[in-house]
Each structure stands twice: as C-alpha cells, then as structure tokens.
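Comments concern the structure below.
The values are calculated or read from the model by the stated rules, or taken from the named source; none is laboratory data. Just so we're clear, the structure is a prediction, and the values are computed from it rather than from any experiment. Glycine gets a Cβ as well: all are built from the backbone with ideal geometry, and neighbour counts include every protein chain shown.
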Amino acid sequence: MTTDPASATSVAAVPSPAGPTDSSAPAAVAAPATGSSTGATVQFVGLRRTFGATTALDGLDLTVNPGELLALLGPSGCGKTTALRMLAGFETPDSGQVLVDGEDVTRIPAHRRDAGMVFQSYSLFPHLNARDNVAFGLKMRKTGKVERHRRADELLELVGLPTHGDRYPHQLSGGQQQRIALARALALQPRVLLLDEPLSALDAKVRLNLREEIRRLQQELGITTLFVTHDQEEALSMADRVAVMHAGRMEQCDTPAELYARPATAFVAEFVGTMNRIPGALTEGGRTVELLGQRLPVDGTTELRAEVDVLVRPENVLVTAGGGQGAVVTGTTFLGASTRLTVQLPDGTALKADLSTHDAAELPAGTGVTVSLPERPVLVDSRR
Ligand SMILES: Nc1ncnc2c1ncn2[C@@H]1O[C@H](COP(=O)(O)OP(=O)(O)O)[C@@H](O)[C@H]1O
Ligand SMILES: [Mg+2]
C-alpha cells in the first residue's frame, strides 16, 4: 500500500464553522475522489490518551467491519468523541494505533485527511446555500463548478432534499440542516463515516425519521460507519453492532440482541435496558445462587462469594397473586400491551416487573404476590 496522501487511507480536513476542535463533530474519512465508497475496515488498537489527570481512552481495542454501522454507546465522558477524533485525525493517541484497511494512519495529520464534518449542533456555513455547503469539500479539491454542482445535486437528492439547493441554512429546519450536513460529509465519497451524536439536538419525531434515513443511506452506500451516541435506544435500533464504552475502555461489542440478552458485565447490563437488582446468596462455590426461595445457576463464572445482587430484566420477573412470600404490588404503570408493576419484597427491595396488561389487571396495587424467576442462568454482581 502507498503512503501517498491521496491514497485511500489518507485524510484531509474540510474546515467547518465550529472548527475541528468541536467535540461533537461527526466526520467522514474520505476515499480519493476517484475511489468507490465500499466500506473500509477500521481498527483501534490499544488506544490510550490522557488529558492531564484525565484518562480519556484507557487502551481501546475495537474493529469495525466493512459496511457495518457500529454504535459507540456510553455515558458522557467515557471517551467516545476522543475515539472518533483519533480516526478523523484531530487527536493523536499517547500510544496505540488507528488502522484503516490495515494501514496505520495514526500519524497522518488532520490536514491531510479528507474529513467532512457534521455536528450535533448545526454546523453549516451560514453564508453558503445548501448546494454550496454540500459542494464545499469538492471546491477545496478544485473540482470544477459544473461537476461539483452536479454532484451536490445528486447528494441533495440522496438525502431527500432535491429542491432545497438554493436555500440558506436559516431557511432550513434542524432536521433538514442535518441532512445537508450529512450530504456534505458524503460528498467526498467517504469510506468511513463518523457521526458524533448527530441527532441529539433534534426533536423526538425528527430524530426518529433521521435515524431511519441515516440507516437506509448507510446500507445503500455500504459505508463503514461509526455512530456515537449516549442514547441506548438509538444505538440498539440503528446499529449492526453496539460497542459499549465505560471509562475509556470497551466493555462489550455485540449485536443489539446479544447485548440485551447476554450482557457481559454488570455495567453493560444496567446501561442497556432496565435491570433489577435482587439480593441473593451464592452457593456451591459460586456456581449457583439462592434468592426468592429458588436456587438458580449463575451465568458464567464469578469471583464473588456469598452476598450478591442478581440482575434481572423486568420482563423476566414472574409475579403471581397470593402465596406466603410477603411481596406486595405497590404501583402499576400502563404501557399499552404491557403494564409495569412495582413490587416490594419483604426485605424492602423494590422491583420492576413487566406483565401483559391482561395479566396485570388481576394484580392491582395492594395485592399480596409471590415473585419468582424462570429456571435460567442469571447474572450476578457485587452487592450494592
Ligand atoms: N481536549 C481535552 N482536554 C481535556 N480533557 C479532555 C479533552 N478532550 C476530552 N477530554 C476529557 O476526556 C474524557 C472523555 O471525553 P470525550 O471523549 O469527549 O467523552 P464522550 O464523547 O464519551 O462524552 C472526558 O473526561 C473529557 O472531559
Ligand atoms: Mg462526545
């Protein structure tokens, strides 16, 4: 492979109004103008980055497969933006490498990377109309006016705004501005698309529409995409795989279904979806756990001994009327097809249990109930 800056793995910055230091910046690492936009493989290898006393990335390892939409999910401050900025070229790791299609791009400076920026907050050039915003990167590349306008119109069509080319940003809604920003990021035929919380500033309905729109486009174009979000629903609904980050490290990277059903750590279990904690006691050297008058196998292995919390999803809590357990329904929340009960155990533990609304109708607040769990392996964590 060549190390020429114009090669597929080189990257150069497209200036943006907020500048490359904006921390909520999606970017596109672009292929050469002549290249195809088939997806690249991206690898983060042992990325470490500190800012003074803060460790932003603490040995991040992650591979994004060609054509995949991978969501980087985690709480604020866990290092998501820093990871994206490393790929865009705005940040250099203290150690570790960024590879694109196997080529080390870690030390390629930002100004030699083709990065189309989209921001969480709208970042279009206010003095340029939509068409010229989209064509901006092409102009920087000295693409002729006719060709870049043709290409910009093609992209406006792609993002569903074919008649909006002459409008200025202040004449566009937030959602439309983000579509234009997306078109701008795609104009240089990116092989990797980086989106940093691009929907956070939009209202709920627009956000849902754009979710689907981005996903459709991404699949149509086959672009490897890193999508940063702190919103688990956004991650689970859009991504092929979700990488959950915590304190500068990757906790688990899996399909949404796997992540939900088989969280690898207590952090993932509680960050993704709703989770109950029920006190239990480990038995048989940690192979089983006793709770609610049951003995259940422990999922995986644990170093813990004796007192633990068992992690259980609300839909896996079984509730039946009566029995001598001493649990009581203390509240109900109607959710449509299902109803969420709050149940208090004799020891004071409050649980959430999701039942079909039909079944829940038999268990109004005040009903004495018995809580049990299905005979399946359960996750345990240290007692809180
Ligand atoms: N340029 C910087 N200077 C100082 N601290 C920074 C800088 N960039 C990021 N950090 C810190 O590194 C941590 C990770 O930040 P960031 O990657 O932006 O997290 P996220 O995007 O997940 O919210 C945070 O504690 C943040 O304050
Ligand atoms: Mg961020």
Subset of the stretch 242-271 [more than 16 Å from ligand 1 (Cβ to nearest atom) and either within 9 Å of the chain's Cα centre (by Cα) or among the aliphatic types (A, V, I, L, M) (or both)] | Ala257, Leu259, Ala261, Ala264, Ala266, Ala269
Mind listing just one residue for me: the one in the stretch 14-49 that is at pLDDT below 80 and hydroxyl-bearing (Ser, Thr, Tyr) and, of those, surrounded by the fewest Cβ atoms within 10 Å (Cβ to Cβ)?
-> Thr34
Could you pull out the residue among Ala185, Ala201 that is at pLDDT below 90, under 21 Å from the mean Cα position of the chain (by Cα) and within 16 Å of ligand 2 (Cβ to nearest atom)?
-> Ala201
Count, please, the residues in the stretch 152-182 that happen to be of a type in the set (Lys, Arg) and modelled with pLDDT of 95 or more.
-> 1
Just name the residue that is farthest from Thr225 (Cα to Cα) out of those in the stretch 91-113 that are touching a Pro at 6+ places or on another chain (Cβ under 7 Å) and at pLDDT below 90.
-> Arg112
Sole exception among (1) free of Cβ contacts under 8 Å to residues at least 12 places away in the same chain; (2) among the basic types (Lys, Arg); (3) touching a Ser or Thr at 6+ places or on another chain (Cβ under 8 Å) for Arg216, by number = (3)
Which condition breaks for Gly322 when tested against (1) within 28 Å of Thr265 (Cα to Cα); (2) modelled with pLDDT under 95; (3) not acidic (Asp, Glu)?
-> (1)
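Counting only residues that are loosely packed, with under 15 Cβ neighbours inside 10 Å, give me the strands (runs of 3 or more DSSP E) lying completely in the stretch 50-105 with at least 1 of them.
54-64, 95-100
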Among the listed residues Val244, Val228, which satisfies the condition of being within 16 Å of ligand 2 (Cβ to nearest atom), touching a Cys at 6+ places or on another chain (Cβ under 9 Å) and either touching a residue at least 60 places away in the same chain (Cβ under 8 Å) or not in a loop (DSSP other than H, G, I, E, B) (or both)?
-> Val244
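Okay, residues lined up against (1) in contact (Cβ under 8 Å) with a residue 24 or more places away in the chain; (2) under 19 Å from Ala350 (Cβ atoms); (3) surrounded by 21 or more Cβ atoms within 10 Å (Cβ to Cβ):
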site	(1), (2), (3)
Met250	yes, no, yes
Ala266	yes, yes, no
Ala281	yes, no, no
Gly285	no, no, no
Val289	yes, no, yes
Gly293	yes, yes, no
Gly300	yes, no, no
Arg305	no, no, no
Asn316	yes, yes, no
Those residues of the stretch 281-317 that are in a strand (DSSP E or B) and farther than 19 Å from Arg262 by Cβ come to a total of 8
Just checking, which of Val206, Val134 is surrounded by fewer than 22 Cβ atoms within 10 Å (Cβ to Cβ) and of a type in the set (Val, Ile, Thr)?
-> Val206
Can you pull out the residues in the stretch 289-334 that are among the basic types (Lys, Arg) and touching a helix residue (DSSP H, G or I) at 6+ places or on another chain (Cβ under 7 Å)?
-> Arg305
Subset of the stretch 153-198 [without any contact (Cβ under 8 Å) to a residue 40 or more places away in the chain and either more than 17 Å from Asp132 (Cα to Cα) or in contact with a Gly (Cβ under 7 Å, 6 or more places away or on another chain) (or both)] | Asp153, Leu156, Ser173, Gly175, Arg179
Restricting the stretch 183-203 to residues that are part of a loop (DSSP other than H, G, I, E, B) and aliphatic (A, V, I, L, M), which is surrounded by the fewest Cβ atoms within 10 Å (Cβ to Cβ)?
-> Ala201
Selected residue [within 16 Å of ligand 2 (Cβ to nearest atom), at pLDDT 90 or above, out of contact with any Pro (no Cβ under 7 Å at 6 or more places or on another chain) and under 18 Å from Gln189 (Cα atoms)] from Leu73, Leu87 = Leu87
